[in-house]
């Protein structure tokens, strides 16, 4: 039998609400960027455009999971935010050292410089919030 | 598009950001004064949307129309969504959300400027 859990603070309340707001903004921004890039000239930079799409999906998943909450929401959000952190770190680094890989920008290029470096701050804030709201 | 529109929007956003930061330092939740400021910003965004659409229809230059219009519409929505979020969270978190929203509007104004002047100018 599952043990009754102490309800922790909800994922989308308190500072979580600010997180939902910013994740929502980025979900819209990354989806929009992805749609424009794929709609105009998908063959120009397949890698960058695939990464834009991946970023869009991750932001959408993270926003949704934060809003849904619960144990499953928490776990899926943790996976999405972790991948997001790895993504922004690797793409950020690669965009400096291997410029030829990225003829066009992604949300994560140069650690999210075009977005006030928020893409770098966001996964760290997300993981900190998930840690804070962990039940057990 | 008339450069005054970006200028007014940026000044409004900047003034509102200063007010929000001051109240954040004082650990205050979203105030009526913030919402009045947001409402003024919202009116400016509405004017800008109309002016932007008219300018886009009249111009001969090559503008990325879809991007331009999506920024105009996003800027119209952001203050409203931020206000609802802030009203749901009556603490400094709400004030922070308003500040993030205002910063988004300012950032998109700069992008609008780029998109409008970027190609063909």
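The numbers here are math on the coordinates, done by the rules we state, and not lab data. From a predicted model like this one, the values you see are computed outputs, not experimental measurements. Note: ideal-geometry Cβ built from the backbone for every residue, glycine included; neighbour counts use all protein chains shown.
Only helical DSSP H runs with n ≥ 4 go in: add -39500 (n - 2.57) per run for chain A, normalise by residue count and round the 222 nm mean residue ellipticity to 500 deg cm²/dmol.
-23500 deg cm²/dmol
Which whole-number percentage describes the relative contact order of chain B, with Cα contacts under 8 Å and a sequence gap of 6 or more?
39 percent
For the residues A:102, A:26, what sequence is obtained by ranking on other C-beta atoms within 10 Å, fewest first?
By the 10 Å Cβ count, ascending, the order reads A:102, A:26.
Based on other C-beta atoms within 10 Å, arrange A:132, B:34 from fewest to most.
Final ranking by Cβ density, sparse to dense: A:132, B:34.
In whole angstrom, note down how far apart the Cα centers of region B:29-64 and region A:30-50 are.
When both Cα centres are located, 27 Å separates them.
Can you give me the pair-distance distribution of chain A, C-alpha pairs, 10 Å bins, whole percents?
Here the calculated profile for chain A is 13, 42, 28, 13, 4, 1.
How do A:84, B:62, B:109, B:42 rank when sorted from fewest to most other Cβ atoms within 10 Å of their own Cβ?
Listing A:84, B:62, B:109, B:42 from fewest to most nearby Cβ atoms yields B:62, B:42, B:109, A:84.
Using alpha carbon centroids, what distance separates region A:68-128 and region B:92-112, in Å?
Spelled out, the Cα-based centre of one part sits 20 Å from the other.
Tell me the Kirkwood radius of chain B: reciprocal of the mean inverse pair distance over distinct alpha-carbon atoms, in Å.
14.7 Å
Just grab the label-to-label distance for residue A:121 and residue A:41, each label 7 Å out from Cα along the Cβ direction, in nm (one decimal).
My value for the distance between the label points is 3.3 nm.
For the ranges A:90-98, A:57-65, what's the packing order if you count other beta-carbon atoms within 10 Å of each residue, average per peptide, and put the highest first?
Peptide ranking by packing, descending: A:57-65, A:90-98.
How shielded is B:87-94 by partner chains, expressed as the average number of their Cβ atoms within 10 Å of its Cβ atoms?
Averaged over the peptide's residues, the number is 3.
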